[in-house]
Amino acid sequence: MRQDQEDPYQRRSAQVYAAADRASSGSVASPRPVLYDAVLLDRDGTLIEDVPYNGDPEKVRPVPGARAALDRLRVAGLRLAVVTNQSGLARGYFSGEQMRAVHARVEELLGRFDAWLVCPHDDADGCDCRKPAPGLVYAAARELGTTPSRCVLVGDIGRDVGAAMAAGAAGVLVPTPVTRPEEVAAAGWVATDLPAAVAEILRRQQAVQPSTPPTGPVRTALVVRSDSAGDVLVTGPAIRAVAAGAERVVLLCGPRGRAAANLLPGVDEIIEHPLPWIDPTPGPVDREAMRSLTERLGAVDADQAVVFTSFHQSALPLALLLRMAGIDRIAAISDDYPGSLLDVRHRVPVGVPEPERALSLAAAAGHRLPDGDEPVLRLRRDAVPPRPADLGEPGYVVLHPGSAASSRACPPEVATRIVGALTDAGHRVLVTGGPDERAVTARVAAAGGTDLGGRTDLAGLAAIVADASAIVVGNTGPAHLAAAAGVPVVSLFAPTVPFGQWGPYRVPTVRLGDAAAPCRDTRAASCPIPGHPCLSGVDPDDVVDALRTLAVSGGGGR
């Protein structure tokens with residue numbers, strides 16, 4: 001393959017892939033797309049001091065700064081609801097009347113809430129509303145007139161975060177002395193206290209809204225994401241935002257991300273070229289290749305370039321080439337001093353989900369999503385082929401054990417046991433993987449699944465994932481395909497990179513695996529710890545239970 005390949009795709013009018021409707025069905029259209037409509041709050045330990053089984057209003061004590069923090073949310077136009085487990089009702093420790101008196105006292109001290117959602121059951125009751133089940137989150141979203149993906153839930157224990165994730169909402173953990181260390185490790189978003197959580201909610205909300213429009217009309221925008229397929233997919237919302245404000249969008253990507261680039265709405269042309277400062281196994285810098293790339297970028301005649309990178313990558317080498325190519329306005333995230341290489345030097349705190357991180361850069365460059373477009377991952381309708389007819393009816397579970405980075409792959413022996421457990425629970429399982437993973441998928445599928453190893457390209461895999469009831473997958477591209485289709489994810493997430501940045505975005509998710517394993521935050525491509533401890537201890541029965549939490553039944557229904 002040539003190092004410099006261009007393929008024009010006239011896709012500005014291409015419809016978004018129909019499965020993406022599932023990701024945002026029922027969502028409330030907004031004239032200015034926002035991340036959140038509502039904030040849901042746990043009661044005990046989050047809003048007020050935790051007094052076990054409290055039925056006495058006189059014992060209500062707000063946590064420090066609660067009233068001022070909640071008023072900030074109200075002023076910002078966010079609706080507020082309390083979502084609380086109250087098993088004391090089931091155990092007879094207090095009455096419904098006493099509980100309502102406590103809630104009246106809470107509102108007297110902290111202001112009115114738009115809704116109160118209470119689970120009155122105990123763990124043994126098997127209800128679908130007791131956190132970490134997502135029932136309260138779904139109920140709160142309905143009552144507030146929004147969807148879970150536009151809600152953020154603040155709580156003090158893992159049950160709160162688990163309920164948020166299982167509904168597709170954002171979850172913020174505010175630890176207290178009763179919060180277990182493993183709950184803190186597993187949470188994707190941790191705040192020191194309630195005021196800090198509120199400050200970050202409002203900061204993230206504001207960060208995706210442009211403060212100023214682009215300087216003059218944008219005829220051609222060059223957007224850059226030179227990385228793997230998953231990296232390109234999570235940049236999709238930001239690219240759509242740029243496309244909403246530009247007549248033409250040209251995407252520069254690398255060979256590993258080209259298949260994903262073909263799936264993105266809003267892209268008119270693609271330039272494929274490897275970047276040796278980005279690729280994980282780069283060859284030496286080729287002077288002639290860099291000269292050729294610089295000339296090709298100059299020929300784009302872009303008014304503006306927006307360089308998207310991951311948090312550990314530098315945009316500055318490419319910014320230098322873009323300057324040499326004659327592009328006058330360049331925007332990128334950079335903690336390093338850029339000198340005159342950047343016109344918009346943007347900074348993002350650690351821990352922000354990659355789609356939002358990219359959206360905030362687009363906003364800093366003057367772009368936002370068009371009216372009615374949700375900040376979710378999407379695919380082009382015309383880029384995804386029909387699902388193979390020989391796979392039967394929709395409603396199966398996809399298991400994707402592999403990953404381009406072996407540190408994030410599910411150990412084959414664990415994946416094999418998962419297939420057996422899922423099959424025993426009545427699930428129909430399709431095992432997927434690339435051409436170089438056929439031996440693994442054959443071994444795993446032999447436990448009772450259907451082996452699809454090497455049978456599809458990325459677009460074909462997207463079609464298969466879109467018709468699944470759920471996908472069981474690690475931190476790899478198919479997890480983001482699932483998010484683009486609104487398909488629930490059981491995330492076998494190796495903690496080599498932060499879950500808060502790379503977990504499935506705005507889609508119902510249950511996370512499994514040891515979040516505190518020694519490989520945490522190493523960014524290792526190959527497992528640095530013998531025995532792959534972060535995922536080798538996953539219990540297949542926990543995968544079956546996770547599907548129940550996500551309301552995926554063994555009969556293939558949801």
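So which of P518, P528 ends up being touching a Cys at 6+ places or on another chain (Cβ under 8 Å), surrounded by fewer than 20 Cβ atoms within 10 Å (Cβ to Cβ) and under 26 Å from E354 (Cα atoms)?
Details: P518 fails: touching a Cys at 6+ places or on another chain (Cβ under 8 Å).
Every option except P528 fails the conditions.
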(message) Contact list please: Cβ distance under 8 Å, first residue in the stretch 385-402 and among the basic types (K, R), second residue part of a helix (DSSP H, G or I), pairs at least six apart or on different chains.
(response) R387/A463; R387/I464; R387/A466
(request) Select from the stretch 429-439 the residues that are closer than 23 Å to S469 by Cβ and in contact with a Gly (Cβ under 6 Å, 6 or more places away or on another chain) and list them in ascending order. (result) V429, V431, G433, E437
(request) Determine whether A484 is hydrophobic (A, V, I, L, M, F, W, C), surrounded by 18 or more Cβ atoms within 10 Å (Cβ to Cβ) and assigned to a loop (DSSP other than H, G, I, E, B). (result) no
(request) Mind listing just one residue for me: the one in the stretch 370-389 that is open to solvent by 10 Å² or more (accessible area, probe 1.4 Å) and either among the aliphatic types (A, V, I, L, M) or touching a Cys at 6+ places or on another chain (Cβ under 7 Å) (or both) and, of those, farthest from G168 (Cα to Cα)? (result) A389
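Please count how many residues of the stretch 317-371 are at positive phi and in contact (Cβ under 8 Å) with a residue 60 or more places away in the chain. Give the derivation first.
Kept after step one, since they are at positive phi, are these residues of the stretch 317-371: 326, 339, 351, 366.
Within this subset, residues satisfying the condition of being in contact (Cβ under 8 Å) with a residue 60 or more places away in the chain are 351, 366.
Count: 2.
Yes or no, residue by residue, for (1) out of contact with any strand residue (DSSP E or B) (no Cβ under 8 Å at 6 or more places or on another chain); (2) more than 26 Å from P217 (Cα to Cα); (3) at pLDDT 95 or above:
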{"residue": "L316", "(1), (2), (3)": "no, no, yes"}
{"residue": "L321", "(1), (2), (3)": "yes, no, yes"}
{"residue": "A331", "(1), (2), (3)": "no, no, yes"}
{"residue": "S340", "(1), (2), (3)": "yes, no, yes"}
{"residue": "P370", "(1), (2), (3)": "yes, no, no"}
{"residue": "D382", "(1), (2), (3)": "yes, yes, no"}
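From G257, G283, which residue is open to solvent by 10 Å² or more (accessible area, probe 1.4 Å) and of a type outside the set (D, E)? Please lay out each step first, then the result.
Numbers: G257 fails: open to solvent by 10 Å² or more (accessible area, probe 1.4 Å).
Every option except G283 fails the conditions.
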(request) Could you tell me whether any residue of the stretch 256-266 is in a loop (DSSP other than H, G, I, E, B) and in contact with a Ser or Thr (Cβ under 9 Å, 6 or more places away or on another chain)? (result) yes
(request) Quick one: count up the residues across the stretch 103-132 that are within 22 Å of Y505 (Cα to Cα) and open to solvent by 20 Å² or more (accessible area, probe 1.4 Å). (result) 1
(message) What pairs come out if I take residues in the stretch 285-301 that are closer than 13 Å to L320 by Cβ and of a type outside the set (G, A, S) and pair them with residues that are in a helix (DSSP H, G or I) and open to solvent by 30 Å² or more (accessible area, probe 1.4 Å) whose C-beta lies under 7 Å away, six or more apart or interchain?
(response) T294/M324
(message) Here is a list: R455, R378, R428, R438. Which entry is modelled with pLDDT under 95 and basic (K, R)?
(response) R455
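So which residues in the stretch 225-245 are outside any helix (DSSP H, G or I) and modelled with pLDDT of 95 or more?
From the stretch 225-245, those outside any helix (DSSP H, G or I) are 225-228, 235, 245; that's our starting set.
Within the stretch 225-245, R225, T235 meet the criteria.
Of all residues in the stretch 396-407, which are modelled with pLDDT under 95 and either surrounded by 15 or more Cβ atoms within 10 Å (Cβ to Cβ) or part of a loop (DSSP other than H, G, I, E, B) (or both)?
The first filter runs over the stretch 396-407 and keeps only residues modelled with pLDDT under 95, leaving 402-407.
G402, S403, A404, A405, S407 - these are the residues of the stretch 396-407 that are modelled with pLDDT under 95 and either surrounded by 15 or more Cβ atoms within 10 Å (Cβ to Cβ) or part of a loop (DSSP other than H, G, I, E, B) (or both).
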(message) Scan the stretch 410-420 and tell me whether some residue there is modelled with pLDDT of 95 or more, farther than 22 Å from P265 by Cα and polar (S, T, N, Q).
(response) yes
(message) Between A246, A358, which is in contact with a helix residue (DSSP H, G or I) (Cβ under 8 Å, 6 or more places away or on another chain), closer than 26 Å to L35 by Cβ and small (G, A, S)?
(response) A358
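What do you reckon, is C119 without any contact (Cβ under 8 Å) to a residue 12 or more places away in the chain, touching a strand residue (DSSP E or B) at 6+ places or on another chain (Cβ under 7 Å) and over 20 Å from R357 (Cα atoms)? Explain how you work it out, then say what you get.
On the way: without any contact (Cβ under 8 Å) to a residue 12 or more places away in the chain: no; touching a strand residue (DSSP E or B) at 6+ places or on another chain (Cβ under 7 Å): yes; over 20 Å from R357 (Cα atoms): yes.
Spelling it out, it is not the case that C119 is without any contact (Cβ under 8 Å) to a residue 12 or more places away in the chain, touching a strand residue (DSSP E or B) at 6+ places or on another chain (Cβ under 7 Å) and over 20 Å from R357 (Cα atoms).
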(request) For the stretch 258-303, enumerate the residues that are of a type in the set (D, E, K, R), out of contact with any Pro (no Cβ under 7 Å at 6 or more places or on another chain) and under 17 Å from D227 (Cα atoms). (result) R258, D279
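Being surrounded by fewer than 22 Cβ atoms within 10 Å (Cβ to Cβ) and more than 30 Å from R455 (Cβ to Cβ) narrows it down to one residue among G426, G434, G392, G339; which is it? Quick ask: steps written out before the conclusion?
Numbers: G426 fails: more than 30 Å from R455 (Cβ to Cβ); G434 fails: more than 30 Å from R455 (Cβ to Cβ); G392 fails: more than 30 Å from R455 (Cβ to Cβ).
The unique qualifying residue is G339.
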(message) Looking at R511, R506, R443, can you tell me which residue is closer than 25 Å to R150 by Cα, open to solvent by 10 Å² or more (accessible area, probe 1.4 Å) and outside any loop (DSSP other than H, G, I, E, B)?
(response) R511
(request) Return the pairs, sorted by first residue and then second, in which the second residue is open to solvent by less than 60 Å² (accessible area, probe 1.4 Å) and of a type in the set (K, R), the first residue lies in the stretch 88-115 and is closer than 24 Å to L153 by Cα, the beta carbons are less than 8 Å apart, and the residues are 6+ apart or on different chains. (result) V106/R43
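Looking at the stretch 415-440 only, could you name the residues that are outside any strand (DSSP E or B), among the aliphatic types (A, V, I, L, M) and touching a helix residue (DSSP H, G or I) at 6+ places or on another chain (Cβ under 6 Å)? I'd like the intermediate steps shown before the answer.
Within the stretch 415-440, the subset outside any strand (DSSP E or B) is 415-428, 432-440.
In the following step, the residues that additionally are among the aliphatic types (A, V, I, L, M) were identified as 415, 418-419, 421-422, 425, 439-440.
Across the stretch 415-440, the qualifying residues are A415, I418, V419, A421, A425, V440.
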(request) Just give me the residues in the stretch 531-545 being open to solvent by 20 Å² or more (accessible area, probe 1.4 Å), in a loop (DSSP other than H, G, I, E, B) and touching a residue at least 40 places away in the same chain (Cβ under 8 Å), in sequence order. (result) H532
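Go through the stretch 487-501 residue by residue and tally those that are open to solvent by 10 Å² or more (accessible area, probe 1.4 Å), hydrophobic (A, V, I, L, M, F, W, C) and in contact with a Phe, Trp or Tyr (Cβ under 8 Å, 6 or more places away or on another chain). I'd like the intermediate steps shown before the answer.
At the first step, the residues of the stretch 487-501 found to be open to solvent by 10 Å² or more (accessible area, probe 1.4 Å) are 497-500.
Retained after the next criterion (residues that are hydrophobic (A, V, I, L, M, F, W, C)): 497, 499.
In the following step, the residues that additionally are in contact with a Phe, Trp or Tyr (Cβ under 8 Å, 6 or more places away or on another chain) were identified as 499.
Adding up the residues that qualify gives 1.
The values are calculated or read from the model by the stated rules, or taken from the named source; none is laboratory data. These figures come from a predicted structure and were not determined experimentally. Methodologically, a virtual Cβ is constructed for each residue, glycine included, from the backbone with ideal geometry; neighbour enumeration extends over all protein chains shown. Note: accessible area is taken over every heavy atom of the protein model, side chains too, but ligands, DNA and RNA are not part of it. Shrake-Rupley method; radii C 1.70, N 1.55, O 1.52, S 1.80 Å.
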